[in-house]
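In what follows, a structure is listed as C-alpha cells, so that the remarks can point back to it.
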Amino acid sequence: MADTIADTRRLFSKPQNLNDAYGPPSNFLEIDVSNPETIGVGRGRYTTYEVRLKTNLPIFKLKESSVRRRYSDFEWLRAELERESKVVVPPLPGKALIRQLPFRGDDGIFDDSFIEERRQGLEQFLNKVAGHPLAQNERCLHMFLQEESVDKNYTPSKVRQA
C-alpha cells in the first residue's frame, strides 16, 4: 500500500454577489399541471388540465405558455416520444379502469381525490420528460407544451435552436 495523503485544501471560488445569489437562474424550465376542469356529461365526460410552461431555454420558441390537455393527449405524447426519441420515457399515472365501472357509489375517475392524484402524476411525468435534453429536441414535446391544439397527424422531426 502506498502512503498517500488526502489533499484537504479547499477549492477557491469567486465570491458570490447578490445578483448571482438571487438573480434568475442561468437555465430554468418550470412546468405546472393545474386547474383540472371536468367537461361534458355522461359518456362524453372528460377532465382537462392546464399545462403552464416558463423557461429561458433557447430551444423553446415561447418563454411562457399555457395550454389545456386531457389524459389522452398525455398518452399520445408518451407514445410519440417512445417511437421517435432515444429517451427512456417514464410511465404515466394509471388508467384507473376499476374507477370506470358503473354503480361504484362515487364519482369514479371524476372524484376530486383521483383527479388530484392524477394531476400530480402528470406533472411529474412532464417535468421528467421535458427536463431530458434529448426529449427537448422533439417536435411533439414542443407542440404539446406550446401549441393550442395537438396535431396528431404532424410530421415527426427535431427542433432546431433559434
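Each peptide in 71-80, 57-66 receives the mean, over its residues, of other Cβ atoms within 10 Å, and ordering these scores from highest gives 71-80, 57-66.
Based on the Cβ-Cβ distance of THR48 and LYS86, what FRET efficiency does E = 1/(1 + (r/R0)^6) give at R0 = 22 Å, to the nearest 0.05? Here the calculated transfer efficiency is 0.15.
Quick note: the coordinates plus some simple rules give every number you see, no bench work behind them. What you are looking at is a predicted structure, and each value in this text was computed from that prediction instead of being measured. Cβ sites come from the backbone with ideal geometry, for glycine too, and all protein chains shown count toward neighbours.
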